[in-house]
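Data first, discussion second: the structure below is written as structure tokens.
Coordinate-derived values only; no laboratory data. Just so it is clear, the structure is predicted and the values come from calculations on it, not from any experiment. Backbone-built Cβ (ideal geometry, glycine too); neighbour counts: all protein chains shown.
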Amino acid sequence: MLACVIYNDDGRTRDRERSLKRTDAQSRFDAVVWPHAATVLRTARYLVHDPAAAEDIAQETMVKAFRSIDSFQDGTDAKAWLMTILRNTRVDYLRSRASRHGETSLESMAHEPAGAADLNHDAHTAWENPQALLQQFSDQHMIEALQGLPEEIRWTLLLVDVEGMDQADAAKVLEVPVGTVKSRAHRGRAMLRAKLLPLAKELRLIHD
């Protein structure tokens, strides 16, 4: 008799279970992932020239995160998890437009950007804490400066200097050794200094 009742009610039971799972997933997503939504959108804007495309990538990232929320391990870095999803979504975006547009490659850049060696002692000192200095620039200034850098460099600076992520966590997101993150960060800061130096002087963030 019990088996018959369970059988007859099986469809409604599954519906209730699915509804509960969706509710649990939504609650977990709201608590763990949604607080980082602004970071995802800001990072997408740093990476993509077209604001509308950046919003699409950010939205797709959040949708993928919701669908994969069961795979997120409690106690791990939610931002790093989201950045990994964003990076994969960005790769898909690049592949979809590769035949129409080209991206600046790391190999095409000069080994050291012009002007990097012209920084005086005060300028070098100001850049010893890049995250603090970068926060003094507007989002638009950062977007314009970062979008001129190679993809690999851009990602490294976004994770390490803009978002303040630990280099080991950044290495996991980028799927490269920690040493690679360190070398890219060093080289990228020199490139970014060259791009932002005139503006930093204009804003009196550093002195001649």
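Using the average count of surrounding beta-carbon atoms within 10 Å as a protection proxy, the listed peptides 79-86, 183-190 rank, highest first, as 79-86, 183-190. Between GLU151 and ASP77, what is the FRET efficiency for a Förster distance of 25 Å, r being their Cβ-Cβ separation, to the nearest 0.05? It comes to 0.65.
Just to confirm a number: summing +1 for Lys and Arg and -1 for Asp and Glu over residues other than ALA37 whose beta-carbon lies under 15 angstrom from that of ALA37, what do you get? Within the 15 Å Cβ shell, the charges total 0. Panel order for TRP155, TRP34, by other beta carbons found within 10 Å of each beta carbon, from fewest to most: TRP34, TRP155.
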